[in-house]
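Below you'll find the structure, written out as structure tokens, and then a few comments.
Please treat every number below as a calculation from the coordinates, not as lab data. Keep in mind the model is a prediction, meaning the values are calculated, not measured. Here the Cβ is made from the backbone with ideal geometry for all residues, glycine too, and neighbour counts use every protein chain on show.
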Ligand SMILES: NC(=O)c1ccc[n+]([C@@H]2O[C@H](COP(=O)([O-])OP(=O)(O)OC[C@H]3O[C@@H](n4cnc5c(N)ncnc54)[C@H](O)[C@@H]3O)[C@@H](O)[C@H]2O)c1
């Protein structure tokens, strides 16, 4: 898709990370991993044994890094970055919502290990850092088995904190803006304690993450574990699951196939979305920073769901109709991060405009829709 056709004025970002730091890469290097159809990636990287070029790191600076949930949407982008930076990366995943195809291009690389494991069962591995992401993040996925979701958040997080204690690793929990519930304070600062329904359909996730935060700080106080907590606000990008019901992937898939675009409620509820590469920058900056209290990571630019639907429809040139359905129970009416703390402590703020992120995400989903059409045509 030609961005010029969108008639939008926004700055195009062509690098991720910080200049003069080891996190800095061209967007082209990263996008090759997800904009190349999997069967071609397979051929290029696996059959010819050509792995992407990674930075050379001195032995003393090279870390062993565990990413739980590394086969999921956010985790796989974090893995790409840490691998390109030259570190040794171990992924633990039970593949409930994640997929091997997200990290296919690293399988067999000497710096990469993939372990199929459920974090509800303890594990012992020697690592320097733990990025703890394992937990289904989309409402249909975490509501599919609410008991498992809360166990993953409580027992799973406790297991990972216990591991961090045993091997003296720094531990980062990916918490969520959902801990603020349907917020009575807007925008949400880290000091806001939230407005959560403890027995509603989202409670297994919201209360699970709140308990995970409590556990994290209990391990800090009681066991002196070196912890970090980020509260992630809505994030989008390539590798979101096309069927998991999150609004961006839903709208794009519907628009690409000229199906009705389904809006729950009147569409005036607001959201703010960050592009996944900005989030990865924030996660790595937090892990490296000495600040240990929770930090919001999100994009404060707010818009309505209706605006998002219209925007995507225009970008795709779709003939889809916008159709309103009843609102979802406990769906927050507005959500916007206050990111002053991240700016102050991490010198971090989102670089990608929503428009650039959406165009990149559309390209990703377009290639999936085309592959599906091709498969149907052949069968
Ligand atoms: N994507 C967002 O907008 C968003 C917003 C707020 C917070 N988060 C948090 O970020 C993290 C990653 O989210 P995501 O969007 O990549 O979700 P995702 O569902 O794509 O990824 C989660 C990964 O964890 C794995 N997993 C789940 N339960 C597990 C278990 N018991 N043992 C081992 N692996 C398990 C899944 O298979 C998957 O690969 C989650 O902790 C989520 O709560 C994400």
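How much FRET efficiency would the formula 1/(1 + (r/R0)^6) give for residue 268 and residue 343, where r is the Cβ-Cβ distance and R0 is 25 Å, rounded to 0.05?
Efficiency computed from Cβ-Cβ geometry: 0.30.
Treat each spin label as a single point 7 Å out from the Cα along the C-beta direction, and report the residue 301 to residue 260 distance in nm.
According to this spin-label approximation, the distance is 3.1 nm.
Mind giving me the FRET efficiency for residue 377 and residue 35? R0 is 25 Å, r the Cβ-Cβ distance, nearest 0.05 is fine.
E between residue 377 and residue 35, to the nearest 0.05, is 0.70.
Could you give the C-alpha radius of gyration of the chain expressed as a fraction of 2.2 N^0.38 Å, taking N as the number of residues it contains?
Relative to the 2.2 N^0.38 Å estimate, the chain comes out at 0.95.
Mind jotting down the distance between the C-alpha centroids of the stretch 155-210 and the stretch 319-343, whole Å?
So the two Cα centres are separated by 19 Å.
How long is the gain from residue 22 to residue 155 if the chain were fully straight, where each residue apart is worth 0.36 nm and the alpha carbon distance is subtracted?
44.5 nm
Which residue, 335, 228, 354, tops the fluctuation ranking in a GNM of the chain built on C-alpha contacts under 10 Å?
The residue that fluctuates most here is 354.
Using a Gaussian network model on the chain with a 10 Å cutoff between Cα atoms, which of 341, 82, 358 fluctuates the most?
341
Working out 0.36 nm times the residue gap between residue 54 and residue 368, then minus their Cα-Cα distance, what length gain in nm do you get to one decimal?
Full extension from residue 54 to residue 368 adds 110.3 nm.
Residues in the stretch 140-155 near a label at residue 330, defined as backbone nitrogen under 17 Å from the 7 Å Cα→Cβ point?
The answer is 140-154, whose backbone nitrogens lie closer than 17 Å to the label point.
What's the extension gain from residue 195 to residue 125 if we count 0.36 nm per residue and subtract their Cα-Cα distance?
The residue 195-residue 125 span can extend by a further 21.4 nm.
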